[in-house]
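For reference, the structure is listed below as structure tokens.
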């Protein structure tokens, strides 16, 4: 291998690493606030990429019907919950509107917009607007009533959610894979390095999101409320921070980040309904690298995973997954030696 | 009829004569698959339900067993009876490595490591030239037994179900044994188990290894049942399915694994034909149902299906077979008046906060010493420093003339110091007797293998005799078959004392034994403690309740703000203006 190949591989690794970094941040965020190890994070990636691909063909994406089904279930859950606590009809109606109102609205917009052949950017924005509400609805349906369960139970729930979402993904999107057009076709070359416009967009978007997250957690009251919930759920609740809405907000952010990652990665690879699992798990390896707790370490871990993958596929292409996922074992060894007494129950 | 005694043999006999009946081949094949699933799920019952750990990588262990069998018997012509041991050996090595790395950390690192392991092994198998890549290995020979080929569905059926039933028998035996009690204590955190002398790390590894071995055996049977192997049944999704089986059947119940395996296998087949017809295209749509059912089960029936079966069965009651059992070995007791515990200038700093500031005191054999002080005085911290639950910042503690500072709570327990907890720590689903028997852990030695084969009964009888004796000592013998979780707080605290006594301690440390007790219960407790003192036991108690302490102790150490305020007899302490000021404030 000479320097030019190495630099191409490094650039490739960094580009993928930037996307994994987003997913790793989402994983750390969700775990910190809700203690949920969110295996289905990658599903949002596939949903994002496939939704945009279907908008491109001028069809109404399956995500719309999927979202409507989830919203309907969420509304039913609200009504049942409201009746059980004998809430007034007005209050129940308000809760139902809160759960299902936005999903219904954005679905109608998407049904109208799909055949109009809007520009790629508009369709990308619609995709984000459509996939983001999945987060809150999934939290409402699968996790909310189990919020006080152990990490282990929540992890098994995550696995169940992953199963259901993958199967439903197949139902709503079909088995066909799609590759999205690039957002920016420009190419910049510097010596042997060829930087594509899409890579530039990936870097910029990742950077922007990281800065936005930092500002959110450091500067906004909502961000501080989430941090408080992460430190002590009961204490935060006593200060008037609803752990339900903290959970919903966190999952909404996770869905947004997932959908954005899907848009970013869509033009670089063919995405199928079940591609999200492996992509998400790579973000996950990075999050484990960070002990599921540190954002900067998650970032470093993600870049390392990206590099490992690109160099791994150069040396032993059929074993690149083995290399990436096998690397978690030495990482865990390192963590256990560094910090052997983190037992918690 | 005694269901618990005859239920298992009856079920075993029924399952084993089934192939002799004119049952269609389809159902024999189904039952073979159910048996194979159940063997793997049994491991998860132990791991997830009993020990509170989990693994998504069991399918990968199945794969190790299956590929080892297929490769060695097809390519190298080695006898299947030998490849079984190779496959099991490989699984043990992998489980030991993964366990050693992750089990010292928080509980969720093991499942994460097993996800990675499951993916790694799947992609490795799928890309190995000599393992046939995605096509796998064809033409695996049947198992032969004394010239008899077990190639047919009915032939291998007997072997699969013998293995499944034997595994269920071993796991049932294990759960009702010395290592079994240790394993059942893992879910409740490590502090109590370690204080009873259980190496929690060791037993976590043991459970993980057992689960891996069961999976590997299932894989070996699978290879010779299917007569071909390819990577797809060993992927991460099948690993999740095994967990689903265990959770659905009733995680924590041995027979839940069988119920879960049966229900899942039959429903899976139905869904695989029904759903594509409904939807109009083919695909793995059954995972939608599995995913949703998994979430619903955890929400509405976290104990799975098995409890719905046991509801109609009479409760199991332990038969008293330890009447004439020999007593457990006892340690030499210190002579009354000997220096027992010497706490010398111990100090604990949490960052900048000095929680315990160079505290010293001594306990002589046969004394009851009280450690009192206002809230936040550092009593419990001192207590945890002595028992090794917290590491010392500085200072020396010696117990019976030997330094014990820096030892773990397990090592200190081995030297004859036993304790109770401020917040009762027990295993709620075990009976009072079994909880107390956990205290006998260090006085017995039966290992996991011995327990699985039920060769530990003589020692078990001795442990239960001792546990009953200690319960009788504190007047709780009539409650011994009650579930510990059903007791009121008072009896629970007494049970903790019996458990500590069961370790045959030279010094007993009680952390706020009277906290939260009603007046009558306090009197009963005081009577028990006086009786123990009368029998020569030495005690250190941390307490809040003044009346309780004053009437009971020989000497009292008073702490305030992490320092020792005064030490003396109850009368001296009561007369001390400094103590009065500490509790009530001073006049200005």
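None of the figures in this text is laboratory data; all of them are computed from the coordinates on show. Everything numeric in this text was worked out from a predicted model, so none of it was measured. Every residue, glycine among them, receives a Cβ derived from its backbone with ideal geometry; neighbour counts consider all protein chains shown.
Between helix B:80-102 and chain B, what is the angle of the helix's C-alpha long axis to the longest principal axis, kept within 0 to 90° and rounded to the nearest 10?
Approximately 40 degrees, to the nearest ten.
Which one, A:43, A:218, A:321, has the greatest fluctuation when you compute a Gaussian network model over chain A with C-alpha springs under 10 angstrom?
Fluctuation is largest for A:218.
Ignoring solvent entirely, what values of log10 I(q)/I(0) come out of the Debye formula for the stretch A:61-200 at 0.12 Å⁻¹ when each Cα is a single scatterer?
-0.68
Using alpha-carbon pairs under 8 Å, 6+ residues apart, how would you state the relative contact order of the stretch B:75-213 in percent?
It comes to 29 percent, rounded to a whole number.
How high is the relative contact order of the stretch B:362-437, in percent, with contacts defined as C-alpha pairs under 8 Å that are six or more residues apart?
18
What's the percent breakdown of Cα-Cα distances in the stretch A:1-117 across 5 Å bins, shortest bin first?
Values per bin, smallest distances first: 2, 10, 12, 11, 13, 16, 13, 9, 5, 3, 2, 2, 1, 1, 0.
Quick one: in the stretch B:30-131, what % of C-alpha pairs are over 16 Å apart?
So the portion of pairs separated by more than 16 Å is 63 percent.
Can you tell me the Rg and Dmax of the stretch B:347-432, counting just the alpha carbons, in angstroms?
Rg and Dmax of the stretch B:347-432, Cα atoms, are 14.3, 44 Å.
Write down the percent of antiparallel bridges among all DSSP beta bridges whose residues are both part of the protein assembly as shown, to the nearest 5.
Antiparallel: roughly 65 percent of the beta bridges in the protein assembly as shown.
Please give the direction-averaged projected area of the C-alpha convex hull for the stretch B:49-199, in square nanometres with one decimal. Numbers along the way, then the final one.
Working: hull surface 43.3 nm².
Hull-based average projected area comes out at 10.8 nm².
Sorted from largest down, give the three principal axis spans of the alpha carbons of the stretch A:181-323, whole angstrom values.
Cα spread of the stretch A:181-323 along its principal axes, largest to smallest: 57, 33, 30 Å.
Angle check, please: helix B:519-534 long axis (alpha carbons) against the longest principal axis of chain B (alpha carbons), in degrees 0 to 90, nearest 10.
80
For the stretch B:493-560, what log10 I(q)/I(0) values come out of the Debye formula at q = 0.12, 0.21 1/Å, with one point per alpha carbon and no solvent?
Calculated log10 I(q)/I(0) at the listed q: -0.29, -0.92.
Apply the a/c threshold of 1.5 to the C-alpha gyration tensor of the stretch B:432-479 and tell me whether it is rounded, prolate or oblate.
Prolate shape, in that a/c is at least 1.5 and a/b is the bigger ratio.
Considering only C-alpha atoms, what is the centroid distance from the stretch B:203-226 to the stretch A:205-251, in Å?
Computed from Cα coordinates, the inter-centre distance equals 43 Å.
With runs of 4+ DSSP H residues as the only contributors, calculate the mean residue ellipticity of chain B at 222 nm using -39,500 (n - 2.57) per run, divided by the residue total and rounded to the nearest 500.
Mean residue ellipticity at 222 nm (helix-derived): -16500 deg cm²/dmol.
What translational diffusion coefficient, in µm²/s and rounded to a whole number, does the Stokes-Einstein relation yield for the protein assembly as shown at 10 °C and a viscosity of 1.306 mPa s, taking the hydrodynamic radius as the Kirkwood radius over Cα pairs?
Working: Rh = 30.8 Å.
Taking Rh from Cα pairs, D becomes 52 µm²/s.
Averaging the inverse of every distinct alpha carbon separation and then flipping it gives the Kirkwood radius. What is it for the stretch A:258-312, in angstrom units?
Working: mean 1/r = 0.0842 Å⁻¹.
Computed over the stretch A:258-312, the radius equals 11.9 Å.
For B:420, A:51, which order do you get if you count the other beta carbons within 10 Å of each Cβ and list the fewest first? Each step should come with its number before you reach the end.
Details: B:420 23, A:51 31.
Neighbour counts put them in this order, fewest first: B:420, A:51.
Distance from the Cα centre of the stretch B:512-588 to that of the stretch B:1-79, in angstrom?
Each part reduced to its Cα centre gives a spacing of 58 Å.
Once you keep just the Cα pairs under 8 angstrom separated by 6 or more residues, what percentage relative contact order results for chain B?
Working: 1031 pairs, mean separation 97.8, N = 588.
Relative contact order, chain B: 17 percent.
Gaussian network model of chain A, Cα springs within a sub-10 Å range: biggest mean-square fluctuation belongs to which of A:216, A:134, A:311?
Between A:216, A:134, A:311, it is A:216 that shows the largest mean-square fluctuation.
For the stretch B:193-338, what does the alpha-carbon gyration tensor say about shape, rounded, prolate or oblate, given a ≥ b ≥ c as the root eigenvalues, a/c under 1.5 as rounded, and a/b over b/c as prolate?
Judged from the Cα gyration tensor, the stretch B:193-338 comes out prolate (a/c at least 1.5, a/b above b/c).
Report, as an integer, the average count of C-beta atoms from other chains found within 10 Å of each Cβ along B:284-297. Mind dumping the intermediate values first?
Numbers: counts 5, 4, 2, 9, 9, 3, 5, 13, 8, 3, 9, 12, 2, 3.
So the per-residue partner count for this stretch is 6.
When only alpha-carbon atoms count, how far does the stretch A:179-239 stretch along each of its three principal axes, as whole angstroms with the largest first?
Dimensions of the stretch A:179-239 along the principal axes of its Cα atoms: 58, 26, 16 Å.
I'd like the distance separating the alpha-carbon centroids of the stretch A:80-145 and the stretch B:274-320, in whole Å.
30
Give me the angle, in degrees from 0 to 90, between the Cα long axis of helix B:254-279 and the longest principal axis of the Cα atoms of chain B, rounded to the nearest 10.
In chain B, helix B:254-279 runs at an angle near 50 degrees to the longest axis.
Counting each pair of different Cα atoms once, what's the Kirkwood radius of the stretch A:206-258 in Å, rounded to one decimal?
Every distinct Cα pair counted, the radius reaches 11.5 Å.
When a/c is below 1.5 the answer is rounded, else prolate if a/b is larger than b/c, else oblate, so apply that to chain A with a ≥ b ≥ c taken from the square roots of the Cα gyration tensor eigenvalues.
oblate
Given the Cα-Cα distance of residue B:482 and residue B:350 and 0.36 nm per residue of separation, how much length would full extension add, in nm? Each step should come with its number before you reach the end.
Details: separation 132, 0.36 × 132 = 47.52 nm, distance 4.11 nm.
Additional length available on full extension: 43.4 nm.
Can you tell me what share of the DSSP beta bridges in chain B is antiparallel? A percent to the nearest 5 is fine.
Of the beta bridges lying entirely in chain B, close to 60 percent run antiparallel.
Report the Rg/Rh value for the stretch B:122-265, based on alpha-carbon coordinates and the Kirkwood definition of Rh.
Answer for the stretch B:122-265: 1.04.
Taking N as the number of residues in the stretch B:474-588, what is its alpha-carbon radius of gyration divided by 2.2 N^0.38 Å?
My calculation over the Cα atoms of the stretch B:474-588 gives 1.21.
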